Structures are given as structure tokens and as C-alpha cells.
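**Student:** If you scroll down you'll find the structure; I have some questions about it.
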Amino acid sequence: MIALSLLLALSQTPATTGGTTDFVAPGTEAMVPPSDWSHLPELSLRQPRPAANALAAFVRNEVQAGRCSGNSPLRIDLAVLVAPDGRLRGVRPNAIGCPTVEQYASGLVMRMARSNVAAPRADQWYRTALTFAWQ
């Protein structure tokens, strides 16, 4: 029982990679994006995604409440891991110092890309970005 608890605790140890903080379980190192995202191909969606401006209310509220620093527009870069069957295996935001907005952006990208990307031949990391603007 203690060994299982220790294993679970170790599997949830945060790993920092390229400005991101991810939780990486043992044996899933392939789920960590490379440190230089500039060489990743751009994530291409079959159906267009909604304008990030329409999704900015949450981000604006986080900034106005003082839980995040930043100004409009606020850009967040994300790495997306796509499996050969076209399913998303992971989304990793580049840290901007606001975990709630990082998680929000990750969820948006996950929802926009689900069943909306071409399947690569092997697990493949892609890059994308969301820019939130408000007045």
C-alpha cells in the first residue's frame, strides 16, 4: 500500500520543459514536447476555429481580478500531440505565469482539435497559439 502511494506520488512529480510545467508519468516521456517549438509544424484544423476574441471573457476576468498579469492582447503558445489514429494525446501550454489561463487555453485547443485534425503516420507534436483580446 505504501509502495503504491509512493509510486503514485512519483508519477505525478512535475517536470519542467521549455517553459512549461507538465505532469509526466513514468514511461510517457514521448508526451513531453521538444524544448524548441519553432521547428514543430503548425497544427492545421479541418474546420476553422472560432475567433479567440469571442472566447476572451474568462481571460479578461482573470486579468482584471489580479490572478494573472497581462494586457490585451494576450497570446499563449501551445504544443499539441496527435496520435496516428488522429486522437489528441496531449496539449501543453507554454507557461505565461497564469495557470488558470494556461489550462483554459489547453481545454479550448483540445475541444477545437478533437476529431478535427489529420492523422500523422506516427505520434507528432504540432504548435499552435491562441490570442485573447478584450477592451
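The values are calculated or read from the model by the stated rules, or taken from the named source; none is laboratory data. Only a predicted model underlies this, so the values are computations on that prediction, with no experimental measurement involved. No Cβ is skipped: glycine too gets one built from the backbone with ideal geometry, and neighbour counts run over all protein chains shown.
**Student:** Find all pairs meeting these conditions: Cβ atoms under 6 angstrom apart; at least six residues apart or on different chains; first residue within the range 31-43 and in a loop (DSSP other than H, G, I, E, B); second residue buried (at least 16 other Cβ atoms within 10 Å of the Cβ) and of a type in the set (Lys, Arg).
**Tutor:** Listed pairs, sorted by first residue: Pro33/Arg92; Leu40/Arg127.
**Student:** Still on this structure, I have one more. Is it true that some residue in the range 97-115 is hydroxyl-bearing (Ser, Thr, Tyr) and exposed (fewer than 14 other Cβ atoms within 10 Å of the Cβ)? Steps first, please.
**Tutor:** Kept after step one, since they are hydroxyl-bearing (Ser, Thr, Tyr), are these residues of the range 97-115: 100, 104, 106, 115.
Then keep just the ones that are exposed (fewer than 14 other Cβ atoms within 10 Å of the Cβ); that gives 115.
Within the range 97-115, one or more residues are hydroxyl-bearing (Ser, Thr, Tyr) and exposed (fewer than 14 other Cβ atoms within 10 Å of the Cβ).
**Student:** Looking only at the range 51-97, count every residue that is without any contact (Cβ under 8 Å) to a residue 40 or more places away in the chain and aliphatic (A, V, I, L, M) and tell me the total.
**Tutor:** 7
**Student:** Continuing with the same structure: When you check Leu108 against the structure, is it part of a helix (DSSP H, G or I), in contact with a strand residue (DSSP E or B) (Cβ under 9 Å, 6 or more places away or on another chain) and in contact (Cβ under 8 Å) with a residue 12 or more places away in the chain, yes or no?
**Tutor:** Answer is yes for this residue.
**Student:** Only one of (1) at pLDDT 95 or above; (2) in contact with a helix residue (DSSP H, G or I) (Cβ under 9 Å, 6 or more places away or on another chain) fails for Pro99. Which number is that?
**Tutor:** Of the numbered conditions (1) at pLDDT 95 or above; (2) in contact with a helix residue (DSSP H, G or I) (Cβ under 9 Å, 6 or more places away or on another chain), the odd one out for Pro99 is (2).
**Student:** So which of Val91, Val32 ends up being in contact with a Ser or Thr (Cβ under 8 Å, 6 or more places away or on another chain), at pLDDT 95 or above, surrounded by 11 or more Cβ atoms within 10 Å (Cβ to Cβ) and among the β-branched types (Val, Ile, Thr)?
**Tutor:** Result of the check over Val91, Val32: Val91.
**Student:** While we're on this one: Does any residue of the range 59-75 turn out to be aliphatic (A, V, I, L, M), surrounded by fewer than 12 Cβ atoms within 10 Å (Cβ to Cβ) and either under 27 Å from Ala133 (Cβ atoms) or modelled with pLDDT under 95 (or both)? Walk me through it before giving the result.
**Tutor:** Within the range 59-75, the first condition is being aliphatic (A, V, I, L, M), and the residues that meet it are 59, 63, 65, 74.
Remaining after also requiring surrounded by fewer than 12 Cβ atoms within 10 Å (Cβ to Cβ): 65.
So of that shortlist, the ones also either under 27 Å from Ala133 (Cβ atoms) or modelled with pLDDT under 95 (or both) come out as 65.
Checked the range 59-75: at least one residue is aliphatic (A, V, I, L, M), surrounded by fewer than 12 Cβ atoms within 10 Å (Cβ to Cβ) and either under 27 Å from Ala133 (Cβ atoms) or modelled with pLDDT under 95 (or both).
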